[in-house]
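To keep things clear, I will list the structure first and then write my remarks on it.
Throughout, read-outs are computed from the coordinates displayed, never taken from laboratory work. Being a predicted model, the structure only gives us computed values, none of them experimental. Cβ placement follows ideal geometry from the backbone for every residue including glycine, while neighbour counts extend to all protein chains displayed.
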Amino acid sequence: MIRTEKLTRRFGDALALDSTDVHIREHATTVIMGGSGSGKTTLLRLLAALDTPTSGSVWFDGDDIAHVNRKRLYELRSRMGMVFQYSALLNSLNVYDNVAFPLHEHTELDESVIRTIVSMKLEQVGLRGFEHLMPSELSGGMAKRVAFARALAMDPEIVFFDEPTSGLDPISAGVVTKLIRDLTQKTRMTSVVVTHDVHAGLSIADHVVLLWQGRIIAEGAPDDIRQSTDERVCQFIEGRPDGPIPFSSSKTRYIDDLLGGAVERSG
Ligand SMILES: Nc1ncnc2c1ncn2[C@@H]1O[C@H](COP(=O)(O)OP(=O)(O)O)[C@@H](O)[C@H]1O
Ligand SMILES: [Mg+2]
């Protein structure tokens, strides 16, 4: 459904994503895993056409989304839904208006139709009847589910999730994880989930992409990843502090930073 080719993103000197080829399979859940700073969010934003690559391509439905005109980009984006890491609900709007927001923005539908769609989407995430609540009245797990309902409002073909379980207690995290898996199967949509949560990631993935320092170090079905003998993969899966993946990923030497700072301060 989406395919990247030598996808690269730099931020100044930092190489966040290094010539990456990924294939997002249709009607399946692809989970992008990796430690903090490994390039997961960068990859997700490029796939969702929210960022432009430094080089390389993101192919979606025959178009390289880095090189399409605005009209086509808008069209492609309307087929995608996004659930951001911090839910990103609009705090001044209640649950109903948050879920209805994309419908109000992008369609000319009558309010009665919008009301029906909002009800359906909230039912799908188990929150019908909570329309009147404000974001400040929701638990973290509920806020994620409202964000999920909002992402589903326009019936997207593909939904992107950035760290859907981060900051949630284990039970809410389980609810959200199961919801992603069930809805992907039931609605035959395509999901791309970014997470550093090994357990959640492996439990919902059809396909796993494991990133390290902006590169793919392993890819395959969850069982392939579990059975990998690659030391870096094992370390990540087992959450061991010691191994080939270092505790500090700083690209500069500590002593240089310290001395550099001292020189700057004295000079
Ligand atoms: N907007 C940005 N400006 C500068 N550096 C960035 C920016 N976004 C990401 N980076 C850097 O790119 C690398 C990958 O970041 P990110 O994709 O956010 O990692 P992850 O989501 O896996 O934690 C990190 O080293 C990060 O500091
Ligand atoms: Mg991230």
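So how far, in whole Å, is the C-alpha centre of the stretch 135-188 from the one of the stretch 42-103?
With the stretch 135-188 and the stretch 42-103 each reduced to a Cα centre, they are spaced 16 Å.
Run the helix sum for the chain: -39,500 (n - 2.57) per DSSP H stretch of 4+ residues, divided by residue count, reported at 222 nm to the nearest 500 deg cm²/dmol.
-12000 deg cm²/dmol
Scan the chain and hand back the longest stretch that contains none of the chymotrypsin sites (Phe, Trp or Tyr not before Pro) lying in DSSP loops with at most 14 other Cβ atoms within 10 Å.
Working: sites that count: Y86, F247.
That would be 87-246.
What ranking do T4, T187 get, fewest neighbouring Cβ atoms within 10 angstrom at the top?
On the way: T4 24, T187 16.
By the 10 Å Cβ count, ascending, the order reads T187, T4.
Most exposed first by the Cβ proxy, i.e. fewest other Cβ within 10 Å, how do D21, D110 rank? Show your work: numbers first, answer last.
Details: D21 13, D110 9.
Least to most surrounded, the residues fall as D110, D21.
Considering only the chain, what is the antiparallel percent among its DSSP beta bridges, to the nearest 5?
Details: 18 of 37 bridges.
That works out to approximately 50 percent antiparallel.
Under a Cβ-Cβ cut-off of 11 Å, what is the net charge of the residues other than L179 that fall near it, where Lys and Arg count +1 and Asp and Glu count -1?
Working: positive: K144, R145, K178, R181, K186; negative: D182.
Every neighbour counted, the sum reads +4.
Can you pull a Stokes-Einstein diffusion coefficient for the stretch 101-225 at 25 °C (0.890 mPa s), Rh from Kirkwood over Cα pairs, as a whole number of µm²/s?
Working: Rh = 15.8 Å.
Using the Kirkwood radius from Cα pairs, D works out to 155 µm²/s.
Using a cut-off of 12 Å between beta-carbons, work out the net charge of the residues near D18 (Lys and Arg +1, Asp and Glu -1, D18 not included). If you can, show how the numbers build up before the last one.
Numbers: positive: K6, R9, R10, R215; negative: D21.
Around D18, the surrounding residues sum to +3.
Which GluC sites (Glu not before Pro) from the stretch 1-78 combine a DSSP loop assignment with at most 16 other Cβ atoms within 10 Å? Present the calculation step by step, with values, prior to reporting the outcome.
Values: sites: E5, E26, E75; in loops: E26.
Those that pass, being in a loop and sparsely packed, are E26.
Starting from 0.36 nm per residue, how many nanometres of slack lie between I255 and R240 once their C-alpha separation is accounted for? Write out the running numbers ahead of the final one.
Numbers: separation 15, 0.36 × 15 = 5.40 nm, distance 2.61 nm.
Difference between extended and current length: 2.8 nm.
If you put +1 on each Lys and Arg Cβ and -1 on each Asp and Glu Cβ, how big is the dipole of the stretch 119-171 around its Cα centre, in Debye rounded to 20?
Numbers: 5 positive and 8 negative charges, 24 e Å.
Rounded to the nearest 20 debye, it is 120 debye.
Can you compute 3J(HN,Hα) from phi for each residue in the stretch 157-162, using the Karplus curve 6.51 cos²θ - 1.76 cosθ + 1.60 with θ = phi - 60°, rounded to whole Hz and x for Gly and Pro?
Once rounded to whole Hz, the list reads 7, 9, 10, 9, 10, 9.
Taking 0.36 nm per intervening residue step and subtracting the Cα-Cα distance, what contour gain separates D155 from T52 on full extension?
Details: separation 103, 0.36 × 103 = 37.08 nm, distance 2.47 nm.
The span from D155 to T52 would gain 34.6 nm if fully extended.
Of K71/K186; K121/K144; K121/K186, which sit over 19 Å apart, Cα to Cα? List each step's numbers first, then the result.
Details: K71/K186 31 Å; K121/K144 13 Å; K121/K186 13 Å.
Listed pairs above 19 Å: K71/K186.
What is the set of long-range amide H partners of T20 at a cut-off below 5 Å, with H atoms built 1.01 Å from backbone N?
Residues meeting the criterion, in which the H sits 1.01 Å from N, are K6, L7, T8.
If amide H atoms are built 1.01 Å from N in the plane of the peptide, which residues on other chains or at least 5 residues away come under 5 Å of the amide H of I32?
Those lying under 5 Å, H to H, from I32 are V193, V194, T195, V209.
Evaluate the charge dipole of the stretch 82-172 about its Cα centre and quote only its size in Debye, nearest 20, assuming +1 on the Cβ of each Lys and Arg and -1 on the Cβ of each Asp and Glu.
Numbers: 6 positive and 13 negative charges, 50 e Å.
Using Cβ point charges on Lys, Arg, Asp and Glu, the stretch 82-172 gives about 240 debye.
Quote the charge dipole size of the stretch 92-134 about the Cα centre in Debye, to the nearest 20; the model charges only the Cβ of Lys and Arg (+1) and of Asp and Glu (-1). Each step should come with its number before you reach the end.
Details: 3 positive and 7 negative charges, 43 e Å.
Around 200 debye, computed over the stretch 92-134.
HN-Hα J couplings of the stretch 184-191 from phi, Karplus 6.51/-1.76/1.60, θ = phi - 60°, integer Hz, Gly and Pro as x?
Once rounded to whole Hz, the list reads 4, 5, 5, 9, 6, 8, 10, 10.
Whole-Hz ³J(HN,Hα) for each residue in the stretch 199-214, computed from phi via Karplus 6.51 cos²θ - 1.76 cosθ + 1.60 with θ = phi - 60°, x for glycine and proline: what do you get?
3J(HN,Hα) across the stretch 199-214, in whole Hz: 4, 4, x, 5, 6, 10, 6, 8, 9, 10, 10, 9, 9, 8, 6, x.
What is the sum of charges around C234, taking Lys and Arg as +1, Asp and Glu as -1, for the other residues whose C-beta is under 15 Å from the C-beta of C234?
Details: positive: R226, R232, R240; negative: D223, D224, D230, E231, E238, D242.
Spelling it out: positives minus negatives among the neighbours equals -3.
What's the Kirkwood radius of the chain in Å, using all Cα pairs? Intermediate results must be reported in sequence, preceding the final value.
Working: mean 1/r = 0.0504 Å⁻¹.
One over the average 1/r among Cα pairs gives 19.9 Å for the chain.
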